[in-house]
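Everything below concerns the one structure shown next.
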Amino acid sequence: MDYRKNLDEMPSYDGVEKDYRIKVNANESTMNLPPLVEERVLNRLSYIAFNRYPNEEYYNLVEQIAKNFSADKNQILLGGGSSEIIEKIFHAFGGAGKKIIYPQPSFSMYKIYAKAAECEGVPFDLDEKFNLNVDEFIKKIREVKASLAVVCNPNNPTGNALTVDEVEKIISLIDCAFLLDEAYVEFYGHSAVNLVKKYPNLIVARTFSKAYGLAGARVGYMIANPEVTKMINKTFMPYHMNTLSLVTADIVYQMRDEFIPRIQMTIAERQRMIGRLQSLRDVEVFPSNTNFILIRLEKADELNKYLENLGIGIRFFSPTAPGLKNCLRISIGTRTENDEVFAAIKNFLS
Ligand SMILES: *Cc1c(COP(=O)(O)O)cnc(C)c1O
């Protein structure tokens, strides 16, 4: 078979999926849609124009999002999850000789998207507490003459966040494009999206997959300056979003207030779990502004296997993942699920 050059060297996403009883490994919402929202979605799906390409459905959602951010319709693009959007942005700023810089450890896909875009991915190490040295990062972006700098805020998988002022400092002191991945921002509450008006080099990516529990529908969006949006739009195929996902996300967005209690519950549960995990000896718990918690312990590998045998799936990082040795990431579930996960961890340690 005569495959494309270097395809065999392409790393793949290493999330292992099993049929877990308690699935807290992928930062999904562990609850399906709120019943009221689900009812409206199912009703909407009963009158789909299956025979037509998605046009109106795409622009209806764009219009809603634009309105919410007091932005123009030509500042918004939709994608199959924000994954597709991020991949396309890497494509738009990649290619031979280009450099894309991102902190490390961060979202493992950045490295893969840089490879796919056939440019050089430049990881910038976080410190031992997983904090980003903003001044050094800015210096590095300038030094390597990056075409695109990426920051995930709050950061996956470390859970910590930069302040909006810190984010603004980076944007204002670099000349290249800046992609801010706000996949978890609803659990943080401090978005930099309003800075799009002020900085033509800022692109903000958001997703329906986490706080809005819509990982299965694959819908995300980005907001940027109209000229930037126009260029990135060239990298998408026509009609890349399907009508079923578009109308589903449209209803979810209309009814997004229904998700506020869940988001608040997740934040409260996160803080409760952080407190409980901190009470355990030999476990280092990192602060979190997301719907997951990163912990570090000597016996991470054994704990992961122990939980797996109990039907509990958490995220284990390969020993080769830079900076994440002996780290485990646990997503926040329902109170009952969290209690069971904590009891299992406690049992394992004693
Ligand atoms: C989950 C996640 C995304 C987006 O996921 P989609 O389901 O493709 O929208 C983007 N960035 C980070 C850091 C994530 O964790």
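Is it the case that segment 98-113 has a residue that's free of Cβ contacts under 8 Å to residues at least 24 places away in the same chain, charged (D, E, K, R) and either on the phi < 0 side of the Ramachandran plot or in contact with a Gly (Cβ under 7 Å, 6 or more places away or on another chain) (or both)?
Quick first cut of segment 98-113, residues free of Cβ contacts under 8 Å to residues at least 24 places away in the same chain only: none.
No, the conditions are met nowhere in segment 98-113.
Can you name every residue in segment 168-201 that is away from the ligand (no atom under 16 Å from the Cβ), assigned to a loop (DSSP other than H, G, I, E, B) and on the phi < 0 side of the Ramachandran plot?
Of segment 168-201, the ones away from the ligand (no atom under 16 Å from the Cβ) are 168-177, 189-190, 194-201.
From the residues that got through so far, the ones that are assigned to a loop (DSSP other than H, G, I, E, B) too are 174-176, 189-190, 198-201.
The answer is Ile174, Asp175, Cys176, His190, Lys198, Tyr199, Pro200, Asn201.
Being within 16 Å of the ligand (Cβ to nearest atom), modelled with pLDDT of 95 or more, out of contact with any Leu (no Cβ under 6 Å at 6 or more places or on another chain) and more than 13 Å from Val62 (Cα to Cα) narrows it down to one of Tyr253, Tyr212, Tyr239, so name that one. Outline the logic, then answer.
Numbers: Tyr253 fails: more than 13 Å from Val62 (Cα to Cα); Tyr239 fails: within 16 Å of the ligand (Cβ to nearest atom).
Just a single option satisfies the conditions, and that option is Tyr212.
One line per residue, one yes/no per condition, for (1) over 29 Å from Gly189 (Cβ atoms); (2) free of Cβ contacts under 8 Å to residues at least 40 places away in the same chain:
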| residue | (1), (2) |
| --- | --- |
| Arg270 | no, no |
| Ser279 | no, yes |
| Leu307 | yes, no |
| Phe317 | no, no |
| Ala321 | no, no |
| Arg335 | no, no |
Within segment 80-98, of all residues that are more than 16 Å from Ala224 (Cα to Cα) and more than 16 Å from the ligand (Cβ to nearest atom), the one surrounded by the most Cβ atoms within 10 Å (Cβ to Cβ) is Gly94
Ala205: passes all of (1) part of a loop (DSSP other than H, G, I, E, B); (2) closer than 23 Å to Gly159 by Cβ; (3) within 11 Å of the ligand (Cβ to nearest atom) but (1)
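Which residue out of Leu195, Leu162, Leu179, Leu148 is surrounded by fewer than 22 Cβ atoms within 10 Å (Cβ to Cβ) and touching a residue at least 24 places away in the same chain (Cβ under 8 Å)? Reasoning before the result, please.
Working: Leu162 fails: surrounded by fewer than 22 Cβ atoms within 10 Å (Cβ to Cβ); Leu179 fails: surrounded by fewer than 22 Cβ atoms within 10 Å (Cβ to Cβ); Leu148 fails: surrounded by fewer than 22 Cβ atoms within 10 Å (Cβ to Cβ).
Every option except Leu195 fails the conditions.
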Inside segment 46-101, the number of residues satisfying the requirement of being assigned to a loop (DSSP other than H, G, I, E, B), touching a strand residue (DSSP E or B) at 6+ places or on another chain (Cβ under 9 Å) and of a type in the set (A, V, I, L, M) is 1
Query raised in the report: Looking at segment 119-128, is at least one residue within 16 Å of the ligand (Cβ to nearest atom), outside any loop (DSSP other than H, G, I, E, B), closer than 25 Å to Phe317 by Cβ and β-branched (Val, Ile, Thr)?
Result: no
Note: among Val150, Val144, just one is within 14 Å of the ligand (Cβ to nearest atom) and not basic (Lys, Arg), namely Val150
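The values are calculated or read from the model by the stated rules, or taken from the named source; none is laboratory data. In this text, all values refer to a predicted model and were calculated from it rather than measured experimentally. Cβ coordinates were reconstructed from backbone atoms using ideal geometry, including for glycine residues, and neighbour counts include every protein chain displayed.
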